[in-house]
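Student: Starting off with a structure, shown below.
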Amino acid sequence: MAKAVFHISGSTKPLRGTIEVRGAKNDILKGLAAVLLTRGDIAYTNMPDIEDVRRTLELLKSLGVQMTDRTTRVCTLNASHIKGHILRRDIAEQIRASIVLAGPLLARQGKVRFPFPGGCVLGKRPIDLFVHGWSAMGARMRLVGDEYEFSASRLHGADITFYKVSVTGTEAMMFSAVLAHGTTVLRNAALEPEIPHLADFLNSLGARIHGAGTPTITIEGTDGKLLEGPGQFATLPDRIEAGSFAALVAARGGKVKITSCNPEHLAVPIEILREMGVRVTAGKDFMLIESKGKLKPIDMIKTREYPGFPTDLQAPFTVLLTRARGASLVFETIFEGRLAYIDDLNRMGAAITICDPHRVLVNGPTELRGRHMESPDIRAGLAFVIAAAIAKGPSVLEGIYKIDRGYEKIEMRLRRIGVAIERKKS
Ligand code: UD1
């Protein structure tokens, strides 16, 4: 079967115009999972039209969740009557966020079974924090074939300290604790904007979550009582998409307004762009990026949990640093295996030295040359689109399903600001 590929013609022509940011994958997937804790209508808006949302909706439907009013960016779900506790293997294996459904399902059904969660291959991606948290809340784990099964007739509150900060780990325990018996305290919780957003949403339905957005979250459980609808979940703008667009414009040069975003969620990346000599005008819900393409290097970009520099922007900014005059260090502290794409950038003409599995030194400026490439994961895939857009000559990018998992019709939106990109059958 013919697969879709991107054909991208690189250029130095400045980018111009306006590009709109869609809702965040990492926000909507948790919002969708939350429906399992409720029994009223939940209306979702600003949903990105991406593969991971489609797969999650399929998983929810297979559990008996009713869907109405579905249009491209809107739908209403109702989970009054759900059945079963097994996440369909064929779908769950494709998306890492499938594990987010496990938290509410365990809390509601007293049992959940799921295969090792799929998604981007970023190092080991273990689930020990989930195992630790659910065990502390009274769940028992067993392996059924190569699937995990957790069960507990009623989860109870617990005092849980995460030995390392985890976004989905924090969300999963928050979900489970909402219906538990008693109070749960989560310590060293993640601070990503999606977490207080999710807590506010659950609280609007009657949950009692305090402190979300700080390292200590307290949840008073409802002892099994489902949250009441109706409710509304307005998906946050995708800060990773907005930051990637900013890196593209900074690298290629030009003047582009990025709209429907929240620059407050991008404080560190914006500061880095400014340090590099890019002009960034930030409003409440837009950013104007102006770049002449003459860029200064950065001592070090170190990925960190929010509000630090996001690991999901590491690859796009590494591409950008190939344009800077001098050496910049990129230090990936969150995931091992998230620098595997560097070899491809070097084959395009970048001069990046791999120091160790977590650090690379980018020497610039270098002129990239178009190539035939394969998208390694969602975020590095978009970084390759950026690399191809600033390179000399044509590139072909395969494996674009991985980009479609997280970014809605990216080629159509990038074309409007001047990137020559086409989706074709290979
Ligand atoms: C989420 C985001 C992803 C982002 C990442 C870090 C979603 C759907 N995905 O992924 O886009 O790149 O946060 O910002 O929201 N870890 C363990 N044990 C566990 C769980 C995690 O050791 O049980 C480790 C991971 O391997 C990693 C670190 O903790 O080294 C942080 O990962 P985590 O925050 O859990 O990432 P995700 O929530 O999977």
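Student: Testing Asp200 on (1) part of a helix (DSSP H, G or I); (2) away from the ligand (no atom under 16 Å from the Cβ); (3) crowded, with 24+ Cβ neighbours inside 10 Å; (4) not assigned by TED's automatic domain parsing to the domain that holds His265, one condition comes back false. Which one is that?
Tutor: In the conditions (1) part of a helix (DSSP H, G or I); (2) away from the ligand (no atom under 16 Å from the Cβ); (3) crowded, with 24+ Cβ neighbours inside 10 Å; (4) not assigned by TED's automatic domain parsing to the domain that holds His265, Asp200 misses (3) alone.
Student: Going through the stretch 34-47 one residue at a time, which ones are over 28 Å from Ala180 (Cβ atoms) and surrounded by fewer than 24 Cβ atoms within 10 Å (Cβ to Cβ)? Write out each step before concluding.
Tutor: Looking only at the stretch 34-47, we keep the residues that are over 28 Å from Ala180 (Cβ atoms), and these are 45-47.
Those that are over 28 Å from Ala180 (Cβ atoms) and surrounded by fewer than 24 Cβ atoms within 10 Å (Cβ to Cβ): Thr45, Asn46.
Student: Also, quick follow-up: Taking the options Ala327, Ala340, name whichever one is surrounded by fewer than 23 Cβ atoms within 10 Å (Cβ to Cβ), hydrophobic (A, V, I, L, M, F, W, C) and assigned to a loop (DSSP other than H, G, I, E, B). Walk me through how you get there before you give the answer.
Tutor: Values: Ala327 fails: assigned to a loop (DSSP other than H, G, I, E, B).
Exactly one residue qualifies, and that residue is Ala340.
Student: Of the residues in the stretch 329-338, how many are more than 13 Å from the ligand (Cβ to nearest atom) and touching a helix residue (DSSP H, G or I) at 6+ places or on another chain (Cβ under 8 Å)?
Tutor: Narrowing the stretch 329-338 to residues more than 13 Å from the ligand (Cβ to nearest atom): 329-331.
Right, trim to touching a helix residue (DSSP H, G or I) at 6+ places or on another chain (Cβ under 8 Å) and you get 330.
Counting residues in the stretch 329-338 that are more than 13 Å from the ligand (Cβ to nearest atom) and touching a helix residue (DSSP H, G or I) at 6+ places or on another chain (Cβ under 8 Å) gives 1.
Student: If a residue has to be aliphatic (A, V, I, L, M), within 13 Å of the ligand (Cβ to nearest atom) and outside any helix (DSSP H, G or I) to count, how many in the stretch 159-189 make the cut? Lay out the reasoning, then the answer.
Tutor: Going residue by residue through the stretch 159-189, those that are aliphatic (A, V, I, L, M) are 160, 165, 167, 172-174, 177-180, 185-186, 189.
With the extra rule that they be within 13 Å of the ligand (Cβ to nearest atom), the set shrinks to 160, 165, 167, 172-174, 189.
Retained after the next criterion (residues that are outside any helix (DSSP H, G or I)): 160, 165, 189.
Final tally of qualifying residues: 3.
Student: Continuing with the same structure: What tally of residues in the stretch 357-395 results from selecting those that are within 16 Å of the ligand (Cβ to nearest atom) and surrounded by fewer than 17 Cβ atoms within 10 Å (Cβ to Cβ)?
Tutor: Going through the stretch 357-395, the residues within 16 Å of the ligand (Cβ to nearest atom) turn out to be 357-359, 375-383.
Pick out the ones that are also surrounded by fewer than 17 Cβ atoms within 10 Å (Cβ to Cβ) and you get 357, 359.
Matching residues across the stretch 357-395 total 2.
Student: Next up: Looking at the stretch 368-389, I want the residues that are assigned to a strand (DSSP E or B) and have a partner that is among the aromatic types (Phe, Trp, Tyr) with Cβ atoms under 8 Å, at least 6 apart or on another chain. Which pairs are those?
Tutor: Cβ pairs passing all conditions: Met373/Phe384.
Student: Given the criterion away from the ligand (no atom under 16 Å from the Cβ), under 19 Å from Gly213 (Cα atoms), modelled with pLDDT of 95 or more and not basic (Lys, Arg), identify the matching residue among Glu305, Glu264, Glu275, Glu271. Please lay out each step first, then the result.
Tutor: On the way: Glu305 fails: away from the ligand (no atom under 16 Å from the Cβ); Glu275 fails: under 19 Å from Gly213 (Cα atoms); Glu271 fails: under 19 Å from Gly213 (Cα atoms).
The match here is Glu264.
Student: Something else about it: Identify the single condition in (1) over 28 Å from Pro230 (Cβ atoms); (2) out of contact with any helix residue (DSSP H, G or I) (no Cβ under 7 Å at 6 or more places or on another chain); (3) surrounded by 23 or more Cβ atoms within 10 Å (Cβ to Cβ) that Phe150 does not satisfy, given that it satisfies every other one.
Tutor: (2) is the only condition that Phe150 fails.
The values are calculated or read from the model by the stated rules, or taken from the named source; none is laboratory data. Small disclaimer: the values here were computed from a predicted structure and weren't measured. Glycine gets a Cβ as well: all are built from the backbone with ideal geometry, and neighbour counts include every protein chain shown.
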